[in-house]
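Here's the structure we're looking at; comments come further down.
Bear in mind that the values in this text are calculations on the coordinates, not laboratory data. Nothing here was measured: the structure is a model prediction, and the numbers come from that model. Here the Cβ is made from the backbone with ideal geometry for all residues, glycine too, and neighbour counts use every protein chain on show.
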Amino acid sequence: MRLEVDISSKAFTNAAGERHDVLRNIAFTLEQGEVGVLVGPSGCGKTTMLRILTGLDHDYRGRVSRPAALRIGMVFQEPRLLPWRSVEENVRLAAPKADEARLSALFDVLELSGHRAHFPGELSLGLARRVALARALAVDPDFLILDEPLASLDAALAARLRSQIATLLEGRATMTLLVTHNLDDAVRLGDRLFLLSARPARILHEVPIAKPRSARSAADIREAKDALAQLYAADG
Amino acid sequence: MRLLSVAVLIITWWIVSLYVGNTRLPPPSEVLEAMLNEAKSGALFVNLGATLARVALSFVLAMTLGTAIGYWMGRVRLADRLGDPWLILLLNLPALVVIVLAYIWAGLTEAAAIAAIAINKLPTAVVTLREGTRALDPALDEMASIFAFPRGKAFRHVVLPQLAPYVAAAARSGLALIWKIVLVAEYLGRPNGVGFEIGVAFQLFDIPLLLAYSLSFAVVVFAIETALVQPFEARLSRWRPRAA
């Protein structure tokens, strides 16, 4: 199973009738069990790209080949939970085939066991994100998409959720695509990083990280981040 | 508190009746007597029952059709374009015109009465539900589509809860409208019901009887509002965080 993306261009026409290019020459592949990271400045067109990859938007030039009947699990920037259903119902509705054992294991890792009966309106953003993550993983996805899953959380909370995500990704045969503007998240979680330019977005560099996630030391991470920062600086 | 306000109303009525005289405004006791007489003969319940049955039928008819058409017009632009002129026409057509035309075209029948009442309520339900459908959150639609919710499930768990407040609003305003119109329809062309009895009392200038029916009707409306409509609304909004 692999995902092949080759988008030559994607444009929007605004209300005044002007065309704006959002994406240009985006080509990459993602293998099973691999975590790809799209790193780019905010507003560069990452969310547009995700809409194409998930099949919500067909209006682009190029080709996206993915297996038929692909099970997608996605964590959106805003959690997008159903406010009128409890935490547990939100997860079960998306993943009707998940059994109790899998759900309680997930809720345990994400520290949500005590919140099953709560409504999303009663949760903090950090908790709601974790529910969204539980929902995305409960479907046992072939393709997991994380769109800025750590944005607007304070540093400590983000670090904890990041390590929970790392735990949950371990040993899964899932293709994962993480979208972030945070280099730290990118080098801690990713196997292969795609650095995007500002709008219209294209891939500036593809940077593989060979060392497995769990073996990366603080020094490795600093080194990788410095290397990335230099790449960015070189491009102006 | 409610009891107190009702008591104030009755006392005011009683004092006013002393001033203006029995023939114009009979005191509460006389109206109560007329009410009991009608209740004893059974006529009160027959007429109230007939009116309630008409209200229920035309309400269900108008809400079902109105919700379906409103949802459709909110989702499909072509349907909205085609339906809009009809909607504006129906919205502004006086209730009396609809009722009279229905009786002329379909005869003085039960079907004509119920259809006429339902047609009066229909356009407001359509407009409310169309607004509700337009306000559906596309982000949640996307979520349901990415997680491959089947159609029925998406409608039940994603769409319906968003429409519920609009359905409740349409039901509430629609019920109020129907309470008002049903009596006119009965007055003009039915041989029973509260509206018919009020017509009879009007022709005989029997003010106690007129007030007896009006008040019984008001009591029934009040009971249905508090016993059915309000608990239903509370249930629909139980997931919302409570206002402090």
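General observations
- The Rg/Rh ratio for the protein assembly as shown, using Cα coordinates for both the radius of gyration and the Kirkwood hydrodynamic radius, is 1.17.
- Neighbouring Cβ atoms from other chains, within 10 Å of the Cβ of residues in B:136-145, number 4 on average.
- The alpha carbons of chain A give a radius of gyration and a Dmax of 18.0, 54 Å, in that order.
- Relative contact order [Cα under 8 Å, 6+ residues apart], chain A, whole percent: 28 percent
- Within the shell of other residues whose beta carbon sits under 13 angstrom from the beta carbon of B:Val200, the net charge comes to -3, with Lys and Arg scored +1 and Asp and Glu -1.
- Other residues with beta-carbon under 12 Å from the beta-carbon of B:Tyr213 carry, at +1 per Lys or Arg and -1 per Asp or Glu, a net charge of -4.
- Segment A:124-192 versus segment B:43-91: alpha-carbon centroid distance in Å: 48 Å
- Each 5 Å bin from 0 upward holds the following percent of the Cα-Cα pairs of segment A:82-139: 4, 23, 38, 25, 9, 1.
- Relative to the longest principal axis of the Cα atoms of chain B, the long axis of helix B:95-106 makes an angle of roughly 90 degrees.
- Using a Förster distance of 30 Å, the FRET efficiency for A:Arg2-A:Ala218 (Cβ separation, nearest 0.05): 0.40
- When only alpha carbons of segment A:77-210 are considered, Rg and Dmax amount to 15.5, 46 Å.
- Rounded tilt (10° steps) of B:28-41 against the dominant C-alpha axis of chain B: 80 degrees
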